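Data first, discussion second: the structure below is written as structure tokens.
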Amino acid sequence: MPKPENTLTIAIDRRESSPIYQQICERFKAAIAAGHLKPGDRVPALRGLAMQLNTARGTVEMAYDMLVDEGYLQMRGAAGTFVSSSLPASATLASARKTRERTAPPRTKRAEAAADVGNDAKPLRPGLPALDAFPRKLWSRLVAYRARSGDLATLTYPEPSGYGPLRERIATYVGLSRGVECVPEQVFVTNGYRATLELVLRGLATPGDRAWFEEPGYLLARNFLMEAGLRLVPVPVDDEGLDVDAGIALEADARFAFVTPSHQSPLGMTLSLARRMKLLDWASRAGSWIVEDDYDSEFRYVGRPLPALKSLDRDDRVIYCGTFSKVLFPGLRLSYVVAPERAVPRFEQLTKSMNAGSPYLYQAAVADFIAQGHFARHLKRMRALYAERRALLANAIVKAFGERVSIDLPTGGMHLVAIFNARPDGPVDDMAIAARARESGLAVIALSAWYLNARTKPMLRGIVAGFANVGDAAEATRLARMLRRAYDAYDAYDA
Ligand SMILES: Cc1ncc(COP(=O)(O)O)c(C=O)c1O
């Protein structure tokens, strides 16, 4: 016998600032969390609920679609729509309370939120490597092997500049694969890119120094540098990467240039050879430092990875920064910097006075991972996997959005940028769309949030989305549809 429909009454409040479809979603989530609706319960038909609420059928449909995508409801064709038999973990009382209490935040707050994707592994999070494809068993074997060694020396404070054998492995790796010739003494192991920047600034900067920063550019580094007291000069990027002439015209005496030459963050172009030579020439003449952030160059899908900018540095002006966050996993918190030769004594002294250093166990396990050949094998596998996942997500977004977006398939990296085409009434507000996408559980970032200067023209609008964790075509379609719904909700309520 078919299950009777749950008689729960859904009430909406037209004075609330959040849209009706969102209120419907929240009421359902709260009812599920409180146990008023149970797995397997049939929920009202679209038309019935629309009539009960005196709203359009499309509004209820949008809410149901979202609840299906988030795993709360299941549609079973003619039999009706039911509360899912396997509810998502977030369907708890606490989350329902939070949902009920939340009222739509003011626009400025939503804009801020559009750039803050938190730390967890929500879908489409830019920069997060494929967590499902990391060889976790092998990794735990390597860590356990080191933990069991019983060597008392491993229990003391770690070496502030980094574990010696890991510094050696890194020096060999960047030499062979990135053309960065260095000795292990130049390599300093750090706990993430911002820890690297802290070392660089403490070693080489004075508060108030001016620094070129790509416009648009890596927003987390940007915020950190500004908090540290640097005065950032936004320098535009074009098809060839950083516009060095524009930088010289804006601030010829800047003390630093922060760049992502292999794969511009976020737009993805490569700094051309001519620009590389010009940038190095400027740094030599001005006595400035170039900070090269080589965060994800290992992943390139077209042609071979280009050598690092540092490989062309004849005058010791480039500070080369790498990270294990993309090639292994970010929870590791291990990264490194290859210091210019003349800065090595300063960096050594600083790491000692900061009592820097990273956990021995993980450093040793990474050194073993590299030495035993797992690193090279993992990179090779990930390159093939990411190329596939990149295509899946790009195709799904194009299908879901049609003419509304343009995507240039990135030649490398782990994220893509879907640019929203301007409409006759002007540019779309990507911050509002990203905020709505975040509300539905996605971790995309608005492209305009990567611009330092709110008046930069032209300012591209779009969504920066990570593809490394998109498991298959069905998931890509589901996520792209969620994005599209965020766009439509913006259209209906914010535009
Ligand atoms: C442009 C850029 N640089 C560097 C990093 C690496 O940061 P970390 O080493 O702190 O994980 C990231 C990570 O997302 C990034 O996007």
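Given (1) touching a helix residue (DSSP H, G or I) at 6+ places or on another chain (Cβ under 7 Å); (2) more than 15 Å from the ligand (Cβ to nearest atom); (3) open to solvent by 30 Å² or more (accessible area, probe 1.4 Å), identify the lone condition not met by Ala133.
Only one criterion in (1) touching a helix residue (DSSP H, G or I) at 6+ places or on another chain (Cβ under 7 Å); (2) more than 15 Å from the ligand (Cβ to nearest atom); (3) open to solvent by 30 Å² or more (accessible area, probe 1.4 Å) is unmet by Ala133, namely (3).
Given the condition in contact with a strand residue (DSSP E or B) (Cβ under 9 Å, 6 or more places away or on another chain) and open to solvent by 20 Å² or more (accessible area, probe 1.4 Å), answer yes or no: does some residue in region 474-484 qualify?
No, every residue in region 474-484 fails to be in contact with a strand residue (DSSP E or B) (Cβ under 9 Å, 6 or more places away or on another chain) and open to solvent by 20 Å² or more (accessible area, probe 1.4 Å).
So is Ala449 in contact with a Phe, Trp or Tyr (Cβ under 6 Å, 6 or more places away or on another chain), outside any loop (DSSP other than H, G, I, E, B) and at pLDDT below 95 or not?
Spelling it out, it is not the case that Ala449 is in contact with a Phe, Trp or Tyr (Cβ under 6 Å, 6 or more places away or on another chain), outside any loop (DSSP other than H, G, I, E, B) and at pLDDT below 95.
If you take the residues of region 137-152 that are in a helix (DSSP H, G or I) and farther than 17 Å from Pro165 by Cα, which of them is most open to solvent (accessible area, probe 1.4 Å)?
Lys137
If you scan region 270-292, which residues turn out to be in a loop (DSSP other than H, G, I, E, B), out of contact with any Ser or Thr (no Cβ under 7 Å at 6 or more places or on another chain) and not hydrophobic (A, V, I, L, M, F, W, C)?
Answer for region 270-292, where residues must be in a loop (DSSP other than H, G, I, E, B), out of contact with any Ser or Thr (no Cβ under 7 Å at 6 or more places or on another chain) and not hydrophobic (A, V, I, L, M, F, W, C): Ser272, Gly287, Ser288.
With Arg333, Arg346 as the choices, which residue is touching a Gly at 6+ places or on another chain (Cβ under 6 Å), at pLDDT 95 or above, open to solvent by 20 Å² or more (accessible area, probe 1.4 Å) and within 30 Å of Ala121 (Cα to Cα)?
Arg333
Have a look at Ala111, Ala91 and point out the one that is in the same structural domain as Ala437 (by TED's automatic domain parsing), crowded, with 17+ Cβ neighbours inside 10 Å and at pLDDT below 80.
Every option except Ala111 fails the conditions.
Conditions first: (1) closer than 15 Å to Ile290 by Cβ; (2) outside any strand (DSSP E or B). Phe258 passes all but one, so which condition is the exception?
Here Phe258 clears every test but (2).
Does Tyr295 qualify as being in contact with a helix residue (DSSP H, G or I) (Cβ under 8 Å, 6 or more places away or on another chain), crowded, with 19+ Cβ neighbours inside 10 Å and in a loop (DSSP other than H, G, I, E, B)?
Answer is yes for this residue.
Does Thr9 meet the test of being open to solvent by 40 Å² or more (accessible area, probe 1.4 Å) and over 14 Å from Val83 (Cα atoms)?
So Thr9 passes the test.
Pairs, please: C-beta under 6 Å, at least 6 apart or cross-chain, first residue within 17 Å of Val174 (Cα to Cα) and in region 326-346, second in a helix (DSSP H, G or I) and within 10 Å of the ligand (Cβ to nearest atom)?
Going by the 6 Å Cβ cut-off, the qualifying pairs are Ser335/Tyr193; Ser335/Thr196; Val337/Thr196.
Starting from region 430-453, keep only residues that are outside the structural domain of Ala468 (by TED's automatic domain parsing) and among the hydrophobic types (A, V, I, L, M, F, W, C), then list their pairs with residues that are buried (at least 24 other Cβ atoms within 10 Å of the Cβ) and in a loop (DSSP other than H, G, I, E, B) whose Cβ atoms are within a distance under 7 Å, requiring at least 6 positions of separation or different chains.
So the pair list comes out empty.
Scan (1) more than 15 Å from the ligand (Cβ to nearest atom); (2) surrounded by fewer than 19 Cβ atoms within 10 Å (Cβ to Cβ); (3) under 23 Å from Asn453 (Cα atoms) for the single condition Arg202 breaks and write down its number.
With respect to (1) more than 15 Å from the ligand (Cβ to nearest atom); (2) surrounded by fewer than 19 Cβ atoms within 10 Å (Cβ to Cβ); (3) under 23 Å from Asn453 (Cα atoms), Arg202 is out only on (3).
On the given criteria, is Val366 part of a helix (DSSP H, G or I), within 16 Å of the ligand (Cβ to nearest atom) and not assigned by TED's automatic domain parsing to the domain that holds Val428?
Here the answer is yes, as Val366 does meet what is asked.
Would you say Arg389 is touching a residue at least 60 places away in the same chain (Cβ under 8 Å) and open to solvent by less than 50 Å² (accessible area, probe 1.4 Å)?
Yes, satisfied.
Being open to solvent by 20 Å² or more (accessible area, probe 1.4 Å) and away from the ligand (no atom under 15 Å from the Cβ) is the filter here, so list the residues in region 205-226 that pass it.
Within region 205-226, Ala205, Thr206, Pro207, Gly208, Asp209, Arg210, Met226 meet the criteria.
For region 452-473, what are the residues that are under 14 Å from Glu388 (Cβ atoms) and open to solvent by 60 Å² or more (accessible area, probe 1.4 Å)?
Asp472
I'd like the full set of residues that are free of Cβ contacts under 8 Å to residues at least 40 places away in the same chain and of a type in the set (Ser, Thr, Tyr), limited to region 150-181.
Matches in region 150-181: Thr156, Thr172.
Are any residues in region 308-324 open to solvent by 10 Å² or more (accessible area, probe 1.4 Å) and either of a type in the set (D, E, K, R) or within 16 Å of the ligand (Cβ to nearest atom) (or both), and if so, which ones?
Lys310, Asp313, Arg314, Asp315, Asp316, Arg317, Thr323
Would you tally the residues in region 395-444 being open to solvent by less than 10 Å² (accessible area, probe 1.4 Å) and in a strand (DSSP E or B)?
3
Between residues in region 182-197 that are in contact (Cβ under 8 Å) with a residue 60 or more places away in the chain and open to solvent by 30 Å² or more (accessible area, probe 1.4 Å) and residues that are within 9 Å of the ligand (Cβ to nearest atom) and basic (Lys, Arg), which pairs lie under 9 Å by C-beta distance while being six or more apart or on different chains?
Asn191/Arg333; Ala195/Arg333
Do you know which residues across region 227-267 are closer than 14 Å to Tyr193 by Cβ and either open to solvent by 20 Å² or more (accessible area, probe 1.4 Å) or more than 16 Å from the ligand (Cβ to nearest atom) (or both)?
Selection gives Ala228 alone.
The values are calculated or read from the model by the stated rules, or taken from the named source; none is laboratory data. Because the structure is predicted, anything quoted here is derived from the model rather than measured. A quick note on method: Cβ atoms are made from the backbone with ideal geometry, for glycine too, and the neighbour counts reach across all protein chains shown. Remember, those area values only see protein heavy atoms, side chains included, never the ligands or the DNA or RNA. Shrake-Rupley method; radii C 1.70, N 1.55, O 1.52, S 1.80 Å.
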